[in-house]
Amino acid sequence: QVQLVESGGGLVQPGGSLRLSCAASGGTFSRTHMGWFRQAPGKEREFVAAITWSGSGTDYTDSVKGRFTISRDNAKNTVYLQMNSLKPEDTAVYYCAAGSISRWARSYGYWGRGTQVTVSS
């Protein structure tokens, strides 16, 4: 029984930065692996990044390596996604997920409702 709420999305220009947050409640957050996915109109849900419960292990899809950073603060029950050097192709609804560090969406048992990120001039 975990609830996830994303925030921090918005409209930014190419090259800009944005920091997404995912607040968790109703579960044992400190022992839960977390991930970020995104979905653009007409496209399938895509893996972005994941982090182990301790924060010591991370994984990123190739298209965001060097630009995005996933982190977590277990004391605040929150996971973050810092996005730098944003590109128009990063435009999507970003979802927070809990329960796995896998790149396979079906491995995650809990999902937030998403936050819109739009990169445009």
Inset, instruction - Note down the Stokes-Einstein diffusion coefficient of the chain in µm²/s, whole number, using a Kirkwood radius over alpha carbon pairs, 20 °C, and 1.002 mPa s. - result: 152 µm²/s
Inset, instruction - Select from the range 44-115 those chymotrypsin sites (Phe, Trp or Tyr not before Pro) which occupy a DSSP coil region and have at most 10 other Cβ atoms within 10 Å, ordered by residue number. - result: TRP104
Inset, instruction - Just subtract the alpha-carbon distance of LYS43 and ASN84 from 0.36 nm times their residue separation and send over the number in nm, one decimal. - result: 12.5 nm
Inset, instruction - Mind giving me the nanometre distance, one decimal, between the label points for SER7 and ARG103, set 7 Å out from Cα along Cα→Cβ? - result: 3.2 nm
Legend entry - DSSP-loop trypsin sites (Lys or Arg not before Pro) across the range 27-98, with at most 13 other Cβ within 10 angstrom: LYS43, LYS65
Inset, instruction - Assign unit charges at the C-beta atoms only (+1 for Lys and Arg, -1 for Asp and Glu), then state the dipole size of the range 1-88 relative to its Cα centre in Debye, rounded to the nearest 20. - result: 100 debye
Inset, instruction - Whenever you get a sec, compute what percent of the accessible area on the range 26-72 sits on carbon and sulfur atoms (1.4 Å probe). - result: 43 percent
Inset, instruction - Skip the ligands, DNA and RNA, and give the accessible area per residue of the chain with a 1.4 Å probe, whole Å². - result: 53 Å²
Inset, instruction - Filter the GluC sites (Glu not before Pro) in the range 1-80 down to the DSSP loop ones having no more than 14 other Cβ atoms within 10 Å, then list what survives. - result: GLU44
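The values are calculated or read from the model by the stated rules, or taken from the named source; none is laboratory data. In this text, all values refer to a predicted model and were calculated from it rather than measured experimentally. Using ideal geometry, Cβ is built from the backbone for each residue, glycine included, and neighbour counts are taken over all protein chains shown. Only protein heavy atoms, including side chains, enter the accessible area calculation; ligands, DNA and RNA are left aside. Shrake-Rupley method; radii C 1.70, N 1.55, O 1.52, S 1.80 Å.
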